[in-house]
Amino acid sequence: MNFQSNTKTDFKVIGTRVPRPDGVDKVTGRALYGADYNVPGMQVGLILRSPHAHATIDSIDVSAAAALPGVKAVITSADLGIPEDEGLRDVQDNCLARGKVLYDGHAIAAVAAKDVATAKAALKLIKVEYTLLPHVTDVDEAMKLDAPVVQEARADESVPAGSGPNVTHFCEFGHGDLDAGFALAETIVERSFTTAATHQGYIEPHACLASYGNDGKADLWCTTQGQYFVRDLCSGILGIEGSQLRVTASEIGGGFGGKTTVFIEPVALALSRKAGRPVKIVMSRVDVFRATGPTVSSSMDVRIGMTKDGRITAAEAKLRYQGGAFPCGTVDMGAQAAFAAYDLQAVRTQGWNTLTNRPKEAAYRAPGAPMAIYAVESVVDELCQKLSLDPLDVRILNAADAGTKSSYGPTFDQIGLRATLDAAKAHAHYQAPLGENQGRGLSCGFWFNFGGNTSVSLAINADGTVGVTEGNPDIGGSRASISMMAAEELGIPYEKVRTIITDTSSLGQNDVTDGSRVTFAVGLATIKAARAAIQEMCGRVAKIWGIDADAVVWEDGCAKPSGPNAGDFEPMTLAEIAAISSETGGPIAGHHEVNAEGAGVSFGVHLADVEVDPETGSTRVLRYTVFQDAGKAVHPDYVEGQMQGGAVQGIGWALNEEYIYGEDGRLQNAGFLDYRIPVASDLPNIDTVILEIPNPGHPYGVRGVGETPIVPPLAALSNAVSRAIGVRLNALPMSPPKILKAVMSKD
Amino acid sequence: MKNIHVSTTLNGDEAEFVCAPEETLLDALRNRLGLSGAKEGCGTGDCGACTVEMDGRLVCACLVLGAEAQDAQIKTVEGMAIGEALHPLQQAFIDHAALQCGICTPGILVAAKNLLERNPDPTDTEIRYWLAGNLCRCTGYDKIIKAVQIAAADMRGA
Amino acid sequence: MEYMKPSTAAEASDILARNEGAARILGGGTDLLVHLRAGTMEPGMIVDIKHIPGISDITPEDGGLRIGAAVSGQRMGEHEGVKQMWPGVVEACELIGSTQIQGRCTMAGNLCNGGPAADSVPAMIAAGAVARIEGPDGARDCAVEEFVTGPGKTVLGKGEFVSSIFLPARPKGASDSYMRFIPRTEMDIAVASAGVNIELNSDGTIKSARVALGAVGPRVVLVPDAADAIIGSKLEDPAIAALVRACEAACNPIDDKRGTVEFRTTVAGVLAKRAARTAMTRAQENATGDKS
């Protein structure tokens, strides 16, 4: 559906900075997150995890644990069936190992007991016999023909013959004649890059409370980005119908994609079923790092050819990703996103996914894109240096725009890349002088954004207030934005609208909160639901006035006659109509269900200034500016917040964050001490510039914004550091030992 | 195992609880005293989500034993608002979008309040270093620092 | 597990002796509780020393200062006397962890962990600090540079614990400095560190010096060659170069997730150089009474 012809521009509520509805609860400690919910009779659930990177489970003896006084249930994968669906089976096998343990931290068994001490003692009594197997954690090692085999026969039809046994997927995108393109280039740069796996680093560990009744009905309270998806996965794993399981999403303490699947929830439900009591499981931080869903790590080759005026004539990338011990499709998105910012005649990306003995990957803000775009933007920057060209001018010269056939197939409609590049060029940051040991870097960023299954219900209350019911956990302030869109459409003050997030027993399906989809898709559905309610209200008023329904229009929160010919009637406000609704036919509501399409892509550009201490390799970020196209910023504070938060995650990824595995295949830094996310003193202010190039696919022009900002920092910082020290770097993170080594290699 | 009976002062009120010797103050607040504002983000003192004030100093409640609360003055986020009136920091955080998911917010509010009581006019750098032990993954800290400055100005003016 | 609150040093010592191996001291708790949570320590008994008289006091003694074992880093940072006399020791303690950690952690506890990267230790060793140990036979003193015998190992015997740290008097024209390298700006364990203590002659040349390096070997190491390299100088380039060489030579670090051998060695020299310059500047201010 194309809203271009009727994209609104005269907004009353959209674009203002209203207070968020959950603010008071969160600043007073009243808000309830995953671990904050308690019920009578609750048992403590704990999970036993593998200390080995790869081993067969020869036997598990739980008898001593089950016999310990105070223990109510002990389970292993033997307590579950084996799902037929491959994807569901992988999820289940990740939650509780079946036959083999595939990574350090892989769950093997779980207990429910009356308190933590008893549960811990019970775990110690579980006897597991393992036969150790060779393991592999590095992506390139895992792709080899003679690599230890993580799982047999998991390759899909896309994998070319002759690939190593751990390669599960291959993809290819692009168009044009690469050889001809490279022949036109006056300079070609070909480089290889590696990035380490990172974790979303949400401060709230996974937590849930499961209550399985003897009648086969179950309740689950959990911190999640998608309660409907949790319901689908858990009901599938437990072999019950979806309607028998009600999942309620708590307030969520950060997700960023990492809470779009399940890890402990099926385990808690299975324990509760066996124990006949509610069971609460809260993950420890160590287990979050070892056994939830980090990103892929990557090894990549990029080759780009450029004329001396800066025109890219050909571009090619080979991306090798590992997504842990289960098949992972993230490389598809990386391969599609890699060159999305450019208008290219000849482009090709190829991607491979390989299995490793590492935890199962989960999404982390624009999954697959940050590493691929890091590699591409690094090579573009190197070409700019070699040819002594301004890096922004080169981006502008080659920028994708409306009508560009993208590197991944679709032709772009209106997009905001040129606007962000022009804004960066005009900004004071780009002109600010740099001192000794300082460097400036920039990078473009891109994300597709998604629509998806969405259901919204909107009730006009008899007192003239409005209740919006939606099904997507609020991870960035979306409840406020949804209320704002309802208020805008209905023409009433924001304060009259309350948006709540419901559990799975209400509404139709809602896809998870991801893909930057909520403000777009739930917003779109809310606007449609509001329009349905408006139509109903106009119909009621038409009856009261005795005129045709299409002679009544809605304006400024009132039903009005469409013109003098319709009749001379006093407008009726929403509150007036609502007050008499039971006499005019009954309660008034609107609803809308859709699998939303038309999500607009979001482009961004980041500028980063750094200073490097040449004697220690220590890097300080001096100045940082984020330029991004939001389509229409519904609540500018929250759009800025996404830009700043994503940028800082990217800064951490670029400078310090990484998963470190030892020779033994065990994770060495499973905690916030040695998994180093940015702290407040590491950073300057993050300045933001919001561009608004409306998305024709949304009534107000909204584009998703949450994911794009994590993409540019990787190359922006790498380019800045490389320029500061005069040596090109090609691996992330750029921790001080690596930088110092590069500095010393110059002499 | 010998349980311990602890008498303490919590947000100005006398409070008592019984806990196991190895239970932390965080466990006691959340499981014995019904206060879930302080959160466990790591259990190792690296994230600050469990920050409370103990005898006027900021501590990680996960690194204090429940038993050590005996005769101490403990203050948590639940004690910051007075009746209906939010503390200026709490109001500033809402007004200036200094929280997104909010999980780190109680710890940061308690920490910032302690700072402003010691130093009513801090620089941005001083605020950043004071809050270095409070991890936030959502905001990138920018709006948090700004909200603390706004609340500080408000409190100096009032 | 039991929690005990002895009210005298002798009582604490007695509990420790009778429960040898099964009892752990609780001071600030910022290390012990991490171990309890992780299950890497499972003591039968926790002995909270914070209720022993004097254990939280900072007392002038023989021109120096005696710092009780339960004095927190934050309290040290608030004490004008300690800050003026031993700024390097104070800044080292103030680098241990976050503001929240500072509210509880102690110099004595930091020492007793026996960690090679402990922040307070290079500064204490450079200062010539002395640990007072209480035990079944009364009190004894031990120079801090002899206290740690290996990673996680100390000279403490059965029933013994540290009750205070003595920072000696310091003459005019002397000062100290501590610097460490961490990847972020806060919150990390030191990858390399250096504590330098300098005393000046009346002509401004260095009369005596102590240089201690942390996180570059199994214990924090006092480097007499580094001190010799700068004695008699005003930290001109050749003296600095000799200091750096001596420090690098004294390094014997490991490769681990925090740093490589090469990195630690190089950076230790850089930190010693910078700490020496800062200590020198402070000593000069101290000599004339000028504070810039």
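The values are calculated or read from the model by the stated rules, or taken from the named source; none is laboratory data. On a predicted model such as this, the values are computed, not experimentally measured, just so you know. Counting neighbours? That spans all protein chains shown, and the Cβs are built from the backbone with ideal geometry, glycine included.
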Is there a residue in region A:275-283 that is more than 22 Å from A:ALA119 (Cα to Cα) and buried (at least 22 other Cβ atoms within 10 Å of the Cβ)? no
Residues to consider are B:GLY102, B:GLY66; find the one that is more than 8 Å from every other protein chain (Cβ to nearest Cβ) and small (Gly, Ala, Ser). B:GLY66
So is A:SER297 more than 26 Å from A:GLY213 (Cα to Cα), away from every other protein chain (no Cβ under 14 Å) and touching a residue at least 24 places away in the same chain (Cβ under 8 Å) or not? yes
Do we have any residue at all in region A:259-270 that's more than 22 Å from the chain's Cα centre (by Cα), surrounded by fewer than 21 Cβ atoms within 10 Å (Cβ to Cβ) and at negative phi? no
Top-ranked residue of region B:112-129 - restricted to ones that are assigned to a helix (DSSP H, G or I) and either buried (at least 24 other Cβ atoms within 10 Å of the Cβ) or β-branched (Val, Ile, Thr) (or both), ranked as farthest from the other protein chains (Cβ to nearest Cβ): B:ALA112
Scanning region C:207-218 for residues that are surrounded by fewer than 24 Cβ atoms within 10 Å (Cβ to Cβ) and not small (Gly, Ala, Ser), which turns out nearest to the chain's Cα centre (by Cα)? C:ARG210
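Per-residue answers, yes or no, for (1) in contact with a strand residue (DSSP E or B) (Cβ under 7 Å, 6 or more places away or on another chain); (2) more than 7 Å from every other protein chain (Cβ to nearest Cβ); (3) under 24 Å from B:ILE4 (Cβ atoms):
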| position | (1), (2), (3) |
| --- | --- |
| B:ASN31 | no, yes, yes |
| B:GLY43 | no, no, yes |
| B:GLU53 | yes, yes, yes |
| B:LEU89 | no, yes, no |
| B:ALA97 | no, no, no |
Considering only residues that are within 13 Å of another protein chain (Cβ to nearest Cβ) and of a type in the set (Val, Ile, Thr), look in region A:6-48 and name the one that is farthest from A:ALA117 (Cα to Cα). A:THR16
Report yes if some residue within region A:79-86 is surrounded by fewer than 21 Cβ atoms within 10 Å (Cβ to Cβ) and within 26 Å of the chain's Cα centre (by Cα); otherwise report no. yes
From A:ALA530, A:ALA521, grab the single residue that is at pLDDT 95 or above and surrounded by 24 or more Cβ atoms within 10 Å (Cβ to Cβ). A:ALA530
On the basis of being away from chain B (no Cβ under 14 Å), assigned to a loop (DSSP other than H, G, I, E, B) and over 30 Å from A:GLY598 (Cα atoms), does A:GLY105 make the cut? yes
Filter result (surrounded by fewer than 21 Cβ atoms within 10 Å (Cβ to Cβ) and in a strand (DSSP E or B)) within region A:405-439: A:LYS405, A:THR411, A:GLN438
Condition first: assigned by TED's automatic domain parsing to the domain that holds C:ARG132, out of contact with any strand residue (DSSP E or B) (no Cβ under 7 Å at 6 or more places or on another chain) and either surrounded by 22 or more Cβ atoms within 10 Å (Cβ to Cβ) or modelled with pLDDT of 95 or more (or both). Can you find one or more residues in region C:40-51 that meet it? yes
Which ones in region C:161-219 are in a loop (DSSP other than H, G, I, E, B) and charged (D, E, K, R)? C:ARG170, C:LYS172, C:ARG184, C:GLU186, C:ASP188, C:ASP203, C:ARG219
Taking the condition exposed (fewer than 15 other Cβ atoms within 10 Å of the Cβ), charged (D, E, K, R) and under 26 Å from B:MET54 (Cα atoms), does C:GLU94 pass? no
Quick check, is A:ALA575 within 20 Å of A:MET485 (Cα to Cα), of a type in the set (A, V, I, L, M) and either under 45 Å from the mean Cα position of the chain (by Cα) or outside the structural domain of A:GLN535 (by TED's automatic domain parsing) (or both)? yes
Does any residue of region B:137-144 turn out to be within 14 Å of chain C (Cβ to nearest Cβ), touching a helix residue (DSSP H, G or I) at 6+ places or on another chain (Cβ under 6 Å) and on the phi > 0 side of the Ramachandran plot? yes
Just a yes or no: is a residue in region C:26-40 within 11 Å of chain B (Cβ to nearest Cβ), hydroxyl-bearing (Ser, Thr, Tyr) and either in contact with a helix residue (DSSP H, G or I) (Cβ under 6 Å, 6 or more places away or on another chain) or farther than 19 Å from C:VAL71 by Cβ (or both)? yes
Please identify the pairs in which a residue from region A:472-487 that is basic (Lys, Arg) has its Cβ atom under 6 Å from the Cβ atom of a residue that is modelled with pLDDT of 95 or more, counting only partners at least 6 apart or on another chain. A:ARG479/A:THR499
Across (1) over 30 Å from A:THR16 (Cβ atoms); (2) in a loop (DSSP other than H, G, I, E, B); (3) at pLDDT 95 or above, B:ALA98 clears everything bar (1)
Which residues, counting only those in region A:449-486, are in a helix (DSSP H, G or I) and surrounded by 24 or more Cβ atoms within 10 Å (Cβ to Cβ)? A:SER478, A:ALA480, A:SER481, A:ILE482, A:SER483, A:MET484, A:MET485, A:ALA486
